[in-house]
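Below: one structure, written as structure tokens.
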Amino acid sequence: MLKTITPIDNSIYVERNYATFQEIENTLNISKKILPEWRSIPINERKKILSKFVDSFLTNNKEIEEELCKQMGRPISQCGGEMNGFEERARYMIEKSEQALENIISKKDDEFDNFISKDPLGTILIIAPWNYPYNTSVNSVVPSLLSGNTVILKHSSQTPLCAEQLFRAAKLSGLPEGVFQFLHLDHQSTSKIISDERIDHVLFTGSVSGGRQVKNAIGERFINAGLELGGKDPAYVRKDCNLEHAIENLADGSFYNSGQSCCGIERIYVDSEVYDNFVDGIKSVTEKYILDDPLKEETNLGPVVKLSAAQSIRSQVHEAILNGAKDIIGKTNFKISEKTNCYVSPSVLIDVDHSMKFMMEETFGPTVGIMKVNNENEAAQLMNDSPYGLTACIWTSDKEFAEKFGPRINTGTFFMNRCDYLDPGLAWTGVKNTGTGVTLSVLGFDHVTRVKSYHYRTI
């Protein structure tokens, strides 16, 4: 039995039976059976169906937002942002799908007609996370279906209702039965499905350890996996930046969704000339956050997803303080935070260094560490000193400098004067332990298709 514990009060919010062996078999079989029919439907027809899918999903936004808040604790005032992100990404991928999937012409004249097509991979298993349950799943579901694949979605046990809402919208859109399905699965069943010959590709978003489990389950099979894993994303605050803008946006990048974002800001390196003013500013902004019941409209900082996560975050902060770090945030405004619940007070740590786990391992909570740097070389060295590489950002008024600095940073996305944001027109990818593969942009379609060459000669 799947049991979802709401972090609001640690009560059981959702209960579902895990899929049986027979249900899994039926799902895999129908997915394969419908595949030839779905891939034969012209792309312009698939686009119409996927547009209806998005429309159907958005008509149920109030129920979806409340469910989202209760499943993972995000403030209700912020849940609409996920709906907006879902629509923006889905509409973009629908719009660009024909361009992304069109044949590549090699030679075309009276004698030769040679080209490369992009064919669907087959049945794709998508394993989606809880922290942005719709925004992450749409990155994989929509391009996979547009490309002519069939999809089986396994959502996090923390957000099972998200899979059900997406399935409901898919049914209303006119998708043929079996093209898009979902399963509630435990870890053992998930591994078995990954190793099954009827699965042609896996798209996983989650932890580094989870990514390793996916690769182990694939074993010796010759299929690929898209893996979007962890992050410990850095920011460099240069002395010539708009300091007020940097403080406001980096606080949001650190604490939005209680810091539970793969591309959230977890490390900030500040030029020594503006360090004191930056620290004072982010302290002031952070202490104005309202940590409370996420169902209240005024709340802008909710609980973290589960008690074990809260304990892990507190432990990492405590260990850093024992090793010399200092938390500059007063806790009197955050009285709801207790060691026995999921409400974690925000922390901004100074006097930190890279010998501390807090600055090297993903924290995934409402915390951030700040270090003083003397120059750009020191900033670049520290930003790159990480096992992860999802996003990084610089805050400066000098675009020419940013354009030279960006290539020095080992990361999937480099921002100037922005953070914790996805542009659907840009490839979403990472380096090092952040994983492999690409979602979003026209390049994302290349990872859910395979190329096939045609060489026609007329005599």
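The length gained on full extension between Gln188 and Lys326, counted as 0.36 nm times the residue separation minus their Cα-Cα distance, comes to 45.5 nm. Partner aspartates and glutamates whose Cα lies under 20 Å from the Cα of Lys48, excluding those fewer than 8 positions away in the same chain, are identified as Glu37, Glu87, Glu88, Glu95, Glu98, Glu102, Asp119, Glu177. Run the reach check for Lys47 against lysines, Cα to Cα strictly under 24 Å, same-chain hits fewer than 8 apart removed. What comes back? Filter leaves Lys32, Lys33, Lys96, Lys118, Lys154, Lys171, Lys452. Relative to the current alpha-carbon distance between Arg408 and Asn60, full extension at 0.36 nm per residue lengthens the span by 120.8 nm. Comparing Cα centroids, the stretch 197-213 and the stretch 316-348 end up 34 angstrom apart.
Working from Cα positions, state the angle (0 to 90°, nearest 10) between the long axis of helix 208-218 and the longest principal axis of the chain. Value to nearest ten degrees: 20. Could you tell me the calculated FRET efficiency between Ile290 and Thr20, based on Cβ-Cβ distance and R0 = 60 angstrom, to the nearest 0.05? After rounding to 0.05, the efficiency reads 0.85.
Each peptide in 386-397, 363-374 gets a packing score, the mean of other Cβ atoms within 10 Å over its residues, and the list from highest to lowest is 386-397, 363-374.
The angle separating the long axis of helix 243-255 from the principal Cα axis of greatest extent in the chain is about 60 degrees.
Using 25 Å as the Cα-Cα cut-off, could you pick out the over-long pairs in Lys52/Lys108; Lys372/Lys399; Lys62/Lys296; Lys326/Lys432? Where the Cα-Cα span goes over 25 Å, the pairs concerned are Lys52/Lys108; Lys326/Lys432. Arranged from fewest to most other beta-carbon atoms within 10 Å of their beta carbon, His318, His201 become His318, His201. Once the chain from Ser272 to Phe401 is taken as fully extended at 0.36 nm per residue, the excess over their C-alpha distance is 44.6 nm. Each part reduced to its alpha carbon centroid, the stretch 262-309 and the stretch 378-395 end up 20 Å apart.
Here, each number is a calculation from the coordinates, and none is a lab measurement. Note that the structure is predicted; figures quoted are calculated from it, not measured. Neighbour counts run over all protein chains shown; Cβ positions are idealised from the backbone, glycine included.
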